[in-house]
Amino acid sequence: MFELPTSSIGGEELFVLPFGDIVNYFTPYTGALFLFALIFTLICIFSKPEKQLDVAFGTDAIYAKDVTGKDLHFRRFMAIACGVATMGAVTSGDVFNFTLFVSMVGICIIGIVASVKNKHVLNAAFNYGIISMLATVPLFGGAAITLAATGTLSIWELSAIAPAMPGIAKALILVGVMGEGIAPFYAAKAELFRAPGAPYVIMIHVSSLLMFLRVVEIMLTV
């Protein structure tokens, strides 16, 4: 039976789902994060895109921009994929799988931002994409150092021999998550909140917040 230390910030495990040597688990903490990700994923599934209204200054003209079916399907798909990757990140019991899911979240966020065919929005997506790709280097580097130093990537085993995870590995993973989770700043820079199909942008903020909350729990556990 897998057991986390009683001093774990996430509390005692409520449910364990093993896949071979990969063990996903739910604690009161990770369970709450999972529910948040699930709720907002469902919102993305059932919500309809907003219409962007542009006001022509000096006149009474108001222009409404509709979202075409093709753009809607792609934007909704990327938002749902981002939610699923976030749910995987907050429940993963393996350091490598966590970094993998975080990278997937970054890729999905690029898709959400880049789906708006405006020059300034695409420019913001390009800038975030560069940072996101660079962030994968310290992210996976931290996981590699952890495996080399401890011989395992299991949060269960690392928590039992804490502090087993090297400080440099923790620092690298934190830097990587910060790089992947900086997306809300680029969404604000591109004024994406007022772009067509704005409801799906909410997943950018939710996934970034949940990644930060989960990585803090992992670092304090191992």
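Which net charge results for the neighbourhood of SER207, defined as the other residues with beta-carbon distances under 13 angstrom from its beta-carbon, given Lys and Arg at +1 and Asp and Glu at -1? After counting each charged neighbour, the total is 0.
Of the whole protein surface, ILE182 contributes about 50 Å² of accessible area at a 1.4 Å probe radius.
In this structure, HIS120 and ILE45 have a Cβ-Cβ separation that, at R0 = 35 Å, corresponds to a calculated FRET efficiency of about 0.80. Sorting 23-31, 78-86 by their mean Cβ neighbour count within 10 Å, with the most densely packed peptide first, gives 78-86, 23-31.
Peptide packing for 137-143, 118-124 was compared via the average number of neighbouring C-beta atoms within 10 Å per residue; ordered from the highest value, the list is 137-143, 118-124.
The values are calculated or read from the model by the stated rules, or taken from the named source; none is laboratory data. Keep in mind the model is a prediction, meaning the values are calculated, not measured. Glycine also receives a Cβ, built like all others from the backbone with ideal geometry; neighbour counts cover every protein chain displayed. Heavy atoms of the whole protein, side chains included, go into the accessibility calculation; ligands, DNA and RNA do not. Shrake-Rupley method; radii C 1.70, N 1.55, O 1.52, S 1.80 Å.
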